[in-house]
There are 2 protein chains.
Amino acid sequence: MQAVGAQGALVSVESIEEELTLLVRRAQKVHLRGGPTEHVVERAAYGILAWLHDTGPLRPGALAAHFHLDASTISRQVASLEQAGLITREPDAEDRRACRLRLTEHGRTVLTATRAERRGVVRELLQSWSPEDLANFAFLLAAFNAGLDDHLSPNPNSREESQP
Amino acid sequence: MQAVGAQGALVSVESIEEELTLLVRRAQKVHLRGGPTEHVVERAAYGILAWLHDTGPLRPGALAAHFHLDASTISRQVASLEQAGLITREPDAEDRRACRLRLTEHGRTVLTATRAERRGVVRELLQSWSPEDLANFAFLLAAFNAGLDDHLSPNPNSREESQP
DNA sequence: ACCAACTGCTTGCATGTACCAACCATACCG
DNA sequence: CGGTATGGTTGGTACATGCAAGCAGTTGGT
C-alpha cells in the first residue's frame, strides 16, 4: 500500500490545525493596523456591515445566527453602529418585538472604503500567488467555512436536551 | 491561461477577504466549545504552549515576536500559565533581565490532550476532503501565514516605509 | 569607573469581544 | 384569557489586547 495518501492526510490535518491557530491570532491585527478607516469601524462591526450590505435588511437574530454569536454581543454592536449612524433600526412589520437593520448611506460609504482597504491588504499579501493558487485558496477557505458553519450549528440529530 | 485568469484573481481576492473575515470570527469558538480541556487552557495560552513545546525554551520576547503581540499581553499570559503550573520560568544565564520559559511535565500533558482534541475537531471538519485538497489547504494556509508574518513584521527591506 | 541610552519585562489603565443570566415586550397556543 | 415561547436588551463578568509608565539589568562612550 502506498501509505503516502493516508499518512499525508494526517500530517495535513495537524498542519492545518497549527496554521489556523496562528492565522486566527495574527489576522486580527490586519484590521487594526489599517489606514484611516480603522477608527471608523471596529473589527467586529465590519463583518456586520458587510453582511448587512450583501444580504439586505436583517434582524439582529439573523446576524447572531450567521456569526454564531450570542444575541447580546450582536445587540451591543448593533447599538454602537446605530449610534455611529452607520445603520438604522426600522420596526419590523411582521413582529413588533423585532426590528430590521439597514445600512444608511453613510454606512454604505464607510463599508465601501473599509472593504477596499482590507481587500487591498489581502491583494498585497497575495500579489505573488498564481491565479490557480488564489482560486484554490478561495475555494478551500469557503469550503472550510461551510464546514465550520455546520459544526457550530445546533445539529438536531445528536443533541439531547435535558428535561426542564 | 485564458483571460479568465486575471479577472478570476480579483474575484478570488474579494472572496478570500470575505472568507477570512468570517473564519477569524467563527474559528475562535471552536476552542471554547471543546471538551474537558477547555477549562484548563485559555485559547490564547494554547498557542503559547504549542510553540513552546515545538521550539524549546524561549524568552517572552521571542513569543511576542512570533505572535506579533505586545510584550505585555504575552507577559500576562505567561504569568497565568506559570500560575497554573504549565510552564516554568528559569533565569536566563545570558541576560539576567530575561528568563527562559519551559513546559512542565504537566504542561506537556495538557498540551497533548488539548492538541489532540483540537486536531480531532479539525479532522472531523475535514473528514470528507480529498487528500489533495487537504494537502493544498495546508500548503496555502502556511503560505498565507508566511505572507502575513512578513506583512506584520517591521521588515525595512521589501516594504515602502512611510517614514517621517 | 561612571553615566546615559537602550533593552527585556512587568504593571496600570483603557478598550473590544464575548458569554450567561435576568429581564421586558410581544407572539403564539391551549 | 393565561402560560409558555421567542426576539431583543441590559447587567455582570472574563479574556485578549495595546499603550504608557516603570523597573532592572546591559551596553557603550568617555
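The values are calculated or read from the model by the stated rules, or taken from the named source; none is laboratory data. As the structure is a computational prediction, the values presented were derived from the model and not from experiment. So basically every Cβ, Gly included, is an ideal-geometry build from the backbone, and we count neighbours across all protein chains shown. When the accessible area is computed, the model is the full protein with side chains, heavy atoms only, and any ligands, DNA or RNA have been set aside. Shrake-Rupley method; radii C 1.70, N 1.55, O 1.52, S 1.80 Å.
If only residues of region A:91-118 that are within 16 Å of DNA strand C (Cβ to nearest atom) and among the β-branched types (Val, Ile, Thr) are counted, the one that is farthest from A:Arg59 (Cα to Cα) is A:Thr114. Scanning region A:32-83 for residues that are buried (at least 16 other Cβ atoms within 10 Å of the Cβ), within 13 Å of DNA strand D (Cβ to nearest atom) and at pLDDT below 95 yields a total of 4. Taken over region A:86-118, the criterion of being part of a helix (DSSP H, G or I) and open to solvent by less than 40 Å² (accessible area, probe 1.4 Å) is satisfied by A:Gly107, A:Val110, A:Leu111, A:Thr114, A:Arg115. Tallying residues that are within 15 Å of B:Gly47 (Cα to Cα) and not in a helix (DSSP H, G or I) within region B:71-85 yields 0.
Suppose the filter is without any contact (Cβ under 8 Å) to a residue 24 or more places away in the chain, within 19 Å of the chain's Cα centre (by Cα) and open to solvent by 70 Å² or more (accessible area, probe 1.4 Å); does A:Arg123 pass it? Yes; evaluated as a whole, the condition is true for this residue. Evaluated against (1) within 14 Å of chain A (Cβ to nearest Cβ); (2) within 16 Å of DNA strand C (Cβ to nearest atom), B:Thr88 falls short on exactly one condition, (1).
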